[in-house]
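Asker: I am attaching a structure below and will ask some questions about it afterwards.
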Amino acid sequence: MTDAKVAIVTGGARGIGLAATEIFLEQGWRVAAVDRDTEELHRACDPIANVLPVEADISDPQAVDGVIRQVVRQWGRVDALVNNAGVALFSRAGQTNFEQWREVMATNLDGVFLCTQAAIPELAKTRGAIVNIASISGLRASTLRVAYGTSKAAVIHLTKQFAAELGEQGIRVNCVAPGPVKTKLAMAVHAPEIISAYYDAIPLNRYGEAREIAEAIVFLCSDKASFISGQTLAVDGGFDATGVGLP
Ligand code: NAD
């Protein structure tokens, strides 16, 4: 088992990150689940074999360096990094204050940059893969998403930047843009009229399941995706293919 691959999944305590952790494990990987919600992290991960719970805030550069050190000390390698931790804020542009804007950018954008930068030396040794989690809100603009949508659009571009730079080290970088999934994050910001607008705007007429997003994440980390880099895959029930708007 010592040569099993190792994935780092940020935001691994619940939702899409926990679903990705479960699929990695089913496929024989080991997983370092990184989260700042220490209670939920230990509740979810302590009972699972081959999962290392790592307490950290990914917007803190020192904490992020510590994550990589801890994983390498434990398992000696990093084969994949899933930049999944995120926060959501639905607020109109005129009502979003700078502190809120910075809070969204700190996790959703700075965190992706910091974790990627810190993991590069280890990923170069394994010719590993990075998957960033953006959102359909980063592909299409709508009201209420000035900070969240902009942070996710930036993640889509950051994916291309890192793909362009890291290819020479054999590192692939891709992005998944999920449609709505009924996780804690989404349910905190999706008011009833937003939920019903999503049902109308999504050709498959439903929310996704965390596992449906996670399958795409693990595929992009796997050798099956060995010539895919710099891409964003919308896993959204067809939302991005249509022009139907949201409130
Ligand atoms: P979630 O709230 O269930 O899980 C997110 C996890 O990230 C939580 O455990 C949280 O504690 C952790 N986290 C947040 N900020 C952190 C930080 N600074 N440091 C460490 N951990 C941190 O949410 P989810 O829906 O599973 O979201 C996962 C990703 O998917 C996010 O990037 C989100 O923006 C994206 N996404 C979600 C949806 C959706 O509808 N649920 C849609 C599109 C994109």
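Read-outs: derived from the displayed coordinates by stated rules, not from any lab. This is a predicted model, so every value here is computed, not measured. Note: ideal-geometry Cβ built from the backbone for every residue, glycine included; neighbour counts use all protein chains shown.
Asker: Return the long-range amide H neighbours of Arg145 (sequence gap of 5 or more, or a different chain), with a cut-off of under 5 Å between placed amide H atoms.
Answerer: Amide H neighbours of Arg145: Ser91.
Asker: What list of ³J(HN,Hα) values in whole Hz, one per residue of segment 126-133 in order, does the Karplus curve 6.51 cos²θ - 1.76 cosθ + 1.60 (θ = phi - 60°) give from phi, with Gly and Pro shown as x?
Answerer: Karplus-based 3J(HN,Hα) across segment 126-133 equals 9, 6, x, 9, 10, 10, 9, 9 Hz.
Asker: May I pose another question? Taking the Cα atoms only, what angle lies between the long axis of helix 15-26 and the longest principal axis of the chain, rounded to 10 degrees?
Answerer: 40
Asker: Compute the long axis of helix 210-221 from its Cα atoms, compare it with the longest principal axis of the Cα atoms of the chain, and write down the angle in degrees, 0 to 90, nearest 10.
Answerer: Approximately 50 degrees, to the nearest 10.
Asker: How large is ³J(HN,Hα), in whole Hz, for each residue of segment 101-113 in order, when computed from phi with the Karplus curve 6.51 cos²θ - 1.76 cosθ + 1.60 and θ = phi - 60°, using x for Gly and Pro?
Answerer: 4, 5, 5, 5, 5, 4, 7, 6, 10, 4, x, 5, 4
Asker: If contacts are Cα pairs under 8 angstrom and at least 6 residues apart, what is the relative contact order of segment 28-127 in percent?
Answerer: Averaging sequence separation for qualifying contacts and normalising by length gives 27 percent for segment 28-127.
Asker: Run the numbers on the chain and let me know its relative contact order in percent, using alpha-carbon pairs under 8 Å that are six or more apart.
Answerer: 19
Asker: Okay, moving on. Pull up all non-local amide H partners of Val54: gap of 5 or more, or a different chain, and H-to-H distance under 5 Å with H placed in the peptide plane.
Answerer: When sequence neighbours closer than 5 places are left aside, the close amide H contacts are Ala33, Val34, Asp35.
Asker: List the residues, sorted by chain then number, that are 5 or more residues from Ile130 or on another chain and whose placed amide H is less than 5 Å from its amide H.
Answerer: The list, which skips near neighbours in sequence, is Leu81, Arg172, Val173, Asn174.
Asker: Quick check: the distance between the Cα centres of segment 147-199 and segment 29-98, to the nearest angstrom?
Answerer: 16
Asker: I need Thr96, Thr126 ordered by Cβ neighbour count within 10 Å, fewest first.
Answerer: Thr126, Thr96
Asker: What three numbers, in Å, describe the spread of the alpha carbons of segment 1-158 along their principal axes, ordered from the longest?
Answerer: That works out to 53, 32, 28 Å along the principal axes.
Asker: What's the ranking of 174-186, 26-38 by average number of surrounding C-beta atoms within 10 Å, highest first?
Answerer: 174-186, 26-38
Asker: What order do you get for 208-214, 70-76, 45-51 when each peptide is scored by the mean count of other beta carbon atoms within 10 Å, highest first?
Answerer: The peptides rank, most packed first, as 208-214, 70-76, 45-51.
Asker: Let me ask another. Just to check I understand the Karplus step: with θ = phi - 60° and J = 6.51 cos²θ - 1.76 cosθ + 1.60, what whole-Hz values come out for segment 55-60, glycine and proline as x?
Answerer: Along segment 55-60, the couplings run 7, 6, 9, 6, 8, 10 Hz.
Asker: Of Met105, Met187, how do they rank once you tally other Cβ atoms within 10 Å and put the fewest first?
Answerer: With the sparsest Cβ surroundings first, the list reads Met187, Met105.
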